[in-house]
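Working notes, structure below.
The values are calculated or read from the model by the stated rules, or taken from the named source; none is laboratory data. Bear in mind the structure is a predicted one, so any value in this text is a computation, not a measurement. Backbone-built Cβ (ideal geometry, glycine too); neighbour counts: all protein chains shown. What goes into the accessible areas is simple: the full protein's heavy atoms, side chains included, and nothing from ligands, DNA or RNA. Shrake-Rupley method; radii C 1.70, N 1.55, O 1.52, S 1.80 Å.
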Amino acid sequence: MARFRRRTCIILLLFILFICSIMMALKTLRPDRAGFGDPFGLGLLPELQQRTELLESKRSSLNKVQGDTVTQTSNMHAAVVNTMKASIPSANKLEGELSSPNYNFHVFYYSWFGNPQFDGKYIHWNHPLLPHWDPKIANNYPKGRHNPPEDIAANFYPELGSYSSKDTSVIEAHMKQMLSASIGVIALSWYPPGMADENGEPTDDLVPIILDYASKYNLKVTFHIEPYKDRDDRSMYHNVKYIIDKYGAHPAFYRHKTSTGRSLPMFYVYDSYVTIPEIWANLLTVSGSQTIRNTPYDALFIALLVEEKHKHDIHRSGFDGMYTYFATNGFSYGSSHHNWASLKAFCDSNNLMFIPSVGPGYIDTSIRPWNNHNTRNRVNGKYYETAFNAALLVRPEIISITSFNEWHEGTQIEKAVPKKTGQIVYLDYKPHKPNVYLELTQKWSEKYRKEKEQWLM
């Protein structure tokens, strides 16, 4: 009997020593061991999977609050939270301590959303289902509008719900998220005063508020000029003058320092190819009849490149550079990663800027139910990281991100949450947290900074 007790004690002691050694080993792991893998993707690391499974098993007992913090309601819950904190910096830490804005990372931002509390009705969240241009195909798909707040025009669901872009608490939350991602410049979708897209309402009156909140977080704002009605050389001159006169003195107004030492505003021009090069040349060349060059309103104008032939049109038009916008690798010549090297070479040889656009994925079947063939699966972040890797290979001066919150096309990096209502099951970022794409952006922002130092050596 005594021998049995002695053996039991020895086994128990060895077990305790084994547990202690495991705990000590875990404590010595560096936080970045829970990072997101090699340059091409997340790669679900075993420790990350274990944390996710553990968190999921306790989810119903945890109280979530904004910013991905967790209320510690018991010792077990505290242990779960501490395990996560030991491996991945919390969202609050990222936002407050680790991140600084990278002004070479620009993100496309949309302020066109509305809800009854702030706007008297839903705007954009109730976007209609768009019919296919071929009536025979269109007849095979549903018609009508979405019905928020449970049924919204998106395949993912925002953590902030069906928000209004006028809600200052939403604007501030967005700025915090961008800062946490080390983004430096907001490329704000813009229509002239009194104008809007066909499903929205004018938003120019929001610009001063967005600028103020951007300034609070040391972010800058540039303008993504949309294809408003009758956009031509004359109206563009007038609107650029309006923007610079009204907003140019604000501390958050973005100016880009060129290689010649000039500090100039920058304008992205969406669907620039719709207007013929001769019209753009009137505005953007020194000899043009409406030239803006060498005036107080001179700026850097960045055209959208979709087809390969557009690069020659962009050069003839007098633009200062090109961007690719679409987050769909293979969808267009410009959005195809394997074409970026030749586009960068063309730009370098013609004194143009090349700004590749990276995105986390693409899905727009909530508004274009017939467009499933253009969906790009996020693959738990691998698609996004592959795009960043392709962008860094061409050593661009600026990288643009599509998008912060274009929810209709599923390109958002804004926080999203799991949601199921009725017959609708929204996509989400599981097995990762709602802020995973912000964390990935921050990771690549830092990688970009380090690699750029090597480029300049």
Worksheet item: Do the alpha carbons of any pairs in Lys420/Lys447; Lys246/Lys433; Lys121/Lys433; Lys121/Lys143; Lys216/Lys241 sit beyond 28 Å of each other, and which pairs?
Response: Lys420/Lys447; Lys246/Lys433; Lys121/Lys433
Worksheet item: How much accessible surface does Thr295 have with a 1.4 Å probe, in Å² rounded to 10?
Response: 40
Discussion item. Considering only C-alpha atoms, what is the centroid distance from region 339-418 to region 428-452, in Å?
Written reply: 14
Worksheet item: In Å and whole numbers, how far do the C-alpha atoms of region 91-218 stretch along each principal axis, longest first?
Response: 54, 30, 29
Discussion item. Could you derive backbone 3J(HN,Hα) for region 229-242 from the dihedral phi with the Karplus parameters 6.51, -1.76 and 1.60 (θ = phi - 60°), listing whole Hz in sequence and x where the residue is Gly or Pro?
Written reply: 4, 6, 6, 8, 4, 5, 5, 5, 4, 4, 6, 5, 4, 4
Worksheet item: Once phi is turned into θ = phi - 60°, what whole-Hz ³J(HN,Hα) does the Karplus curve with 6.51, -1.76 and 1.60 give for every residue of region 373-382, x standing for Gly and Pro?
Response: 5, 9, 5, 10, 5, 6, 6, 6, x, 5
Worksheet, complete the sentence: Once amide hydrogens are built 1.01 Å from N within the peptide plane, the residues lying 5 or more places from Leu300 or on another chain with amide H under 5 Å from its amide H are Met266, Phe267
Worksheet, complete the sentence: Of Trp125, Trp133, Trp370, ordered by accessible area with the largest first and a 1.4 Å probe, the sequence is Trp133, Trp370, Trp125
Worksheet entry | R0 of 25 Å, Cβ-Cβ distance Lys420-Asn377: FRET efficiency to nearest 0.05 | 0.80
Worksheet item: Rounded, prolate or oblate: which fits region 259-400, taking a ≥ b ≥ c as square roots of the Cα gyration tensor eigenvalues, rounded meaning a/c under 1.5, else prolate when a/b beats b/c?
Response: prolate
Discussion item. Would region 197-286 count as rounded, prolate or oblate if I go by the C-alpha gyration tensor, calling it rounded below 1.5 in a/c and otherwise prolate when a/b exceeds b/c, oblate otherwise?
Written reply: oblate
Worksheet item: To the nearest 10 square angstrom, how much accessible area does Tyr273 have with a 1.4 angstrom probe?
Response: 100
Discussion item. I'd like the trypsin sites (Lys or Arg not before Pro) in region 288-328 restricted to DSSP loop residues with at most 13 other Cβ atoms within 10 Å, sorted by number.
Written reply: Lys309
Worksheet entry | Summed residue charge, Cβ within 11 Å of Ala196's Cβ, Lys/Arg positive, Asp/Glu negative | -4
Worksheet item: If we sort 373-381, 191-199 on the protection proxy, mean other Cβ atoms within 10 Å, highest first, what's the order?
Response: 373-381, 191-199
Discussion item. Over the Cα atoms of region 346-404, each weighted equally, I'd like the Debye log10 I(q)/I(0) at q = 0.20 Å⁻¹, rounded to two decimals.
Written reply: -0.81
Fill in: region 373-457: relative contact order as a whole-number percent, Cα under 8 Å and 6+ apart
24
Worksheet item: Rounded if a/c is under 1.5, else prolate if a/b is larger than b/c, else oblate: which is region 148-233, with a ≥ b ≥ c the root eigenvalues of its Cα gyration tensor?
Response: oblate
Response to the item:
Over all directions, region 320-457 yields a Cα convex hull whose mean projected area in nm² is 9.1
Worksheet, complete the sentence: Rounded to the nearest whole number, the per residue volume of the convex hull around the C-alpha atoms of region 316-356 in Å³ is 66
Discussion item. I'd like the Karplus ³J(HN,Hα) series for region 398-403: coefficients 6.51, -1.76, 1.60, θ = phi - 60°, whole numbers in Hz, and an x wherever there's a Gly or Pro.
Written reply: 9, 10, 9, 10, 10, 8
